[in-house]
Amino acid sequence: MDYTAKLDAALQRLHDEGRYRTFIDIERRKGAYPHATWRRPDGTERPVTVWCGNDYLGMGQHPVVLQAMHEALDATGAGSGGTRNISGTTVYHKRLEAELADLHGKESALLFTSAYIANDATLSTLPKLFPGLIIYSDELNHASMIEGIRRNGGAKRIFKHNDLNDLRAKLEADDPTAPKLIAFESVYSMDGDFGPIEAICDLADEFGALTYIDEVHAVGMYGPRGGGVAERDRLMHRIDIVNGTLAKAFGVMGGYIAASHKMCDAIRSYAPGFIFTTSLPPAVAAGAAASVRHLKTDQALRERHQTQARILKLRLKGLGLPIIDHGSHIVPVIVGDPVHTKQLSDMLLEDHGIYVQPINFPTVPRGTERLRFTPSPVHGPDEMDKLIGALDGLWSHCALNRQELSA
């Protein structure tokens, strides 16, 4: 077997399809987000504005977060020193879990190193706790949810995206006495549409199912205290397990679930993804706790964020660009071809100092390749004007190229 040739062939397929992904080496500037420095492959540098970051509210640079991290770093040092079960649980981890439980109105919360691991570990462990469990999963759920459900060895049913009739049909077709769980998201990150939370909770009540919601792209940004869409819609009490992240609106790193004390205790005790993973560094936990605590009271920041998203969508529509608008903060512009998506991304970066990463298959279906913009409260009028001007010219340029290629 020529292993190197196999690797070459696999990588070449991505190049041929226009789906090969490259890292853009950027250095964020403290206090200047969304501005950063792009280090080109040739070693030169140029300033760029980040338009695709997940630090939705700019909390990764917020003074209250940085101060908390500095204080914890000075007090404890760098790492946690172990797994949560073996010397890796500190007062900072416990404080953060208490903040998260309070945020979601739950008895407990459980920290993981990422929301991906939280989804994977929890969903793959639940059938151990509920033998015969059937998980009903929205077809557009995040890869971490899909992986956790795939690995758990239990029964699964995939229902059409946000299709309540399809979900009902699948629930009706199964044994009414079997344990059930419905897994879905509050905000789907690629199209920016919302899950029908209340209607899913109604079905869960009717069929005796647990509810599992991924609020990764909503925590910090929706609801009067940033508890997510379920909090905004006053449905938090009807959700059994909430998954969230500390790496997006909260601006730091890590993931978690929030649920009943017994549920968190059981996951803590049975999930290998929790048991055998070194815990978050105390400084990271301290910064995340400070961010969660701050955003519980900063509704003005959330409102500015939503305003910026509305303005960007309005201006993109004014250009006639094919955007998807479901009313959330996520702004996808559909290009529909991986090569042209990469071309637009490269020209925005090289010619205009605007960084937005192309989104291709398998993250989105083929033919729906896109540029996904994430406006924030710190993207001001100047940054917005520059982006709109660049897109106006480049979109026409790429449209002409497409016509030439198809002629």
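Descriptive notes on the structure:
- Count - residues of the stretch 134-193 that are touching a Lys or Arg at 6+ places or on another chain (Cβ under 7 Å), open to solvent by less than 80 Å² (accessible area, probe 1.4 Å) and free of Cβ contacts under 8 Å to residues at least 24 places away in the same chain: 3
- Which numbered condition Asp202 misses (of (1) of a type in the set (Asp, Glu); (2) open to solvent by 10 Å² or more (accessible area, probe 1.4 Å); (3) under 20 Å from Val242 (Cα atoms); (4) touching a residue at least 24 places away in the same chain (Cβ under 8 Å)): (4)
- Within the stretch 269-295, the residues that satisfy the criterion of being touching a Lys or Arg at 6+ places or on another chain (Cβ under 9 Å), aliphatic (A, V, I, L, M), open to solvent by less than 30 Å² (accessible area, probe 1.4 Å) and assigned to a helix (DSSP H, G or I) are Ala285, Ala286, Ala289, Leu295.
- Residue match in the stretch 109-126 (condition: of a type in the set (D, E, K, R) and more than 23 Å from the chain's Cα centre (by Cα)): no
- Restricting attention to the stretch 97-124 and to residues that are in contact with a helix residue (DSSP H, G or I) (Cβ under 6 Å, 6 or more places away or on another chain) and more than 21 Å from His237 (Cα to Cα), the residue that is most open to solvent (accessible area, probe 1.4 Å) turns out to be Tyr116.
- Conditions (1) open to solvent by 30 Å² or more (accessible area, probe 1.4 Å); (2) over 20 Å from Leu164 (Cβ atoms); (3) not in a loop (DSSP other than H, G, I, E, B); number of the one not met by Pro224: (3)
- Within the stretch 326-360, the set of residues being touching a strand residue (DSSP E or B) at 6+ places or on another chain (Cβ under 8 Å) and open to solvent by 50 Å² or more (accessible area, probe 1.4 Å) comprises His326, Lys342.
- Applying the criterion of being out of contact with any helix residue (DSSP H, G or I) (no Cβ under 7 Å at 6 or more places or on another chain) and among the charged types (D, E, K, R) to the residues of the stretch 241-268, the residue that is least open to solvent (accessible area, probe 1.4 Å) is Lys248.
- Scanning the stretch 296-316 for residues that are more than 30 Å from Leu96 (Cβ to Cβ) and surrounded by 13 or more Cβ atoms within 10 Å (Cβ to Cβ) turns up Arg310, Ile311, Leu312, Lys313, Arg315, Leu316.
- Pair list, Cβ under 9 Å, 6 or more apart: the stretch 6-30 residue at positive phi, other residue surrounded by 11 or more Cβ atoms within 10 Å (Cβ to Cβ) and aliphatic (A, V, I, L, M): Gly18/Val339
- Sole exception among (1) touching a Phe, Trp or Tyr at 6+ places or on another chain (Cβ under 8 Å); (2) open to solvent by 40 Å² or more (accessible area, probe 1.4 Å); (3) more than 30 Å from Val378 (Cβ to Cβ) for Arg46, by number: (3)
- With a requirement of 1 or more residues that are at pLDDT below 95 and over 28 Å from Ala309 (Cβ atoms), the strands (runs of 3 or more DSSP E) lying completely within the stretch 1-70 that satisfy it span 35-39, 45-50.
Rundown of residues vs (1) aliphatic (A, V, I, L, M); (2) at pLDDT 95 or above, yes/no style:
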{"site": "Arg366", "(1), (2)": "no, no"}
{"site": "Glu369", "(1), (2)": "no, no"}
{"site": "Phe373", "(1), (2)": "no, yes"}
{"site": "Leu387", "(1), (2)": "yes, yes"}
{"site": "Leu394", "(1), (2)": "yes, no"}
{"site": "Arg402", "(1), (2)": "no, no"}
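- Filter pass, Asp265 being among the charged types (D, E, K, R) and farther than 27 Å from Ala118 by Cα: no
The values are calculated or read from the model by the stated rules, or taken from the named source; none is laboratory data. Because the structure is a prediction, the values reported are computed rather than measured. Note that each Cβ is placed from the backbone with ideal geometry, even for glycine, and that neighbours are counted across all protein chains shown. All accessible areas refer to the heavy atoms of the entire protein, side chains included, with ligands and DNA or RNA removed. Shrake-Rupley method; radii C 1.70, N 1.55, O 1.52, S 1.80 Å.
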